[in-house]
Amino acid sequence: MRYSLLLNYAEPGADEIPAETIAEAQAAFDRYAKALDAAGVLVAADILKPTATSTTVTLRNGSLHVQDGPFADTKEQLAGVFLVDVPDLDAALAWAEKCPAAQWGTIEVRPTATYFADGQWHQVG
């Protein structure tokens, strides 16, 4: 079963976190991704750039609206996602617990309903 581990946490300001702490976090994420890969459960992983780099697109009543920045102004932002293929929710929760971001943010574990692979859509569960 596929699950998305959605990493949500407050986005730090510029120079708010010491370079040494950032390097430690990057190393922790590297170890985590390699552990997921070694276990054969990693499907994909993306750590997102800050929300200031995002662009929001909406189409309402035939009119395209493009704006800089995130859709919602909230304390926590979606910072990244790990897509895993594991036997069940308990296994997904066990991997979420090991994610470095769980120490400073929230990991939302959400099952995948469908996915696209090999040129076609697949139903899950």
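The values are calculated or read from the model by the stated rules, or taken from the named source; none is laboratory data. All of these numbers come straight from a predicted model, not from anything done at the bench. For neighbour counting, all protein chains shown are included, and Cβ atoms are generated from backbone atoms with ideal geometry for every residue, glycine included. All accessible areas refer to the heavy atoms of the entire protein, side chains included, with ligands and DNA or RNA removed. Shrake-Rupley method; radii C 1.70, N 1.55, O 1.52, S 1.80 Å.
Numbers below:
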quantity	calculated
Residues being open to solvent by 40 Å² or more (accessible area, probe 1.4 Å) and touching a residue at least 24 places away in the same chain (Cβ under 8 Å) - total across the range 84-94	4
Any hit, the range 56-66, residues being out of contact with any Ser or Thr (no Cβ under 8 Å at 6 or more places or on another chain), hydrophobic (A, V, I, L, M, F, W, C) and farther than 30 Å from residue 124 by Cβ	no
Residue tally, condition in a loop (DSSP other than H, G, I, E, B) and loosely packed, with under 11 Cβ neighbours inside 10 Å, over the range 105-125	4
Strands (runs of 3 or more DSSP E) enclosed by the range 1-65 - at least 1 residues per element that are farther than 15 Å from residue 82 by Cβ and out of contact with any Leu (no Cβ under 6 Å at 6 or more places or on another chain)	2-10, 55-60
The range 41-67, subset more than 22 Å from the chain's Cα centre (by Cα) and among the small types (Gly, Ala, Ser), residue surrounded by the fewest Cβ atoms within 10 Å (Cβ to Cβ)	62
Residues (touching a Gly at 6+ places or on another chain (Cβ under 8 Å) and either among the β-branched types (Val, Ile, Thr) or modelled with pLDDT of 90 or more (or both)) located in the range 7-24	7, 8
In the range 1-28, residue most open to solvent (accessible area, probe 1.4 Å) [restricted to those that are more than 15 Å from residue 50 (Cβ to Cβ) and touching a strand residue (DSSP E or B) at 6+ places or on another chain (Cβ under 7 Å)]	1
Long-range neighbours under 7 Å by Cβ, at least six apart or interchain, first residue in contact (Cβ under 8 Å) with a residue 40 or more places away in the chain within the range 113-125, second aromatic (Phe, Trp, Tyr)	124/115
Selection from the range 74-83 of residues that are over 23 Å from residue 116 (Cβ atoms) and open to solvent by 40 Å² or more (accessible area, probe 1.4 Å)	74, 75, 76
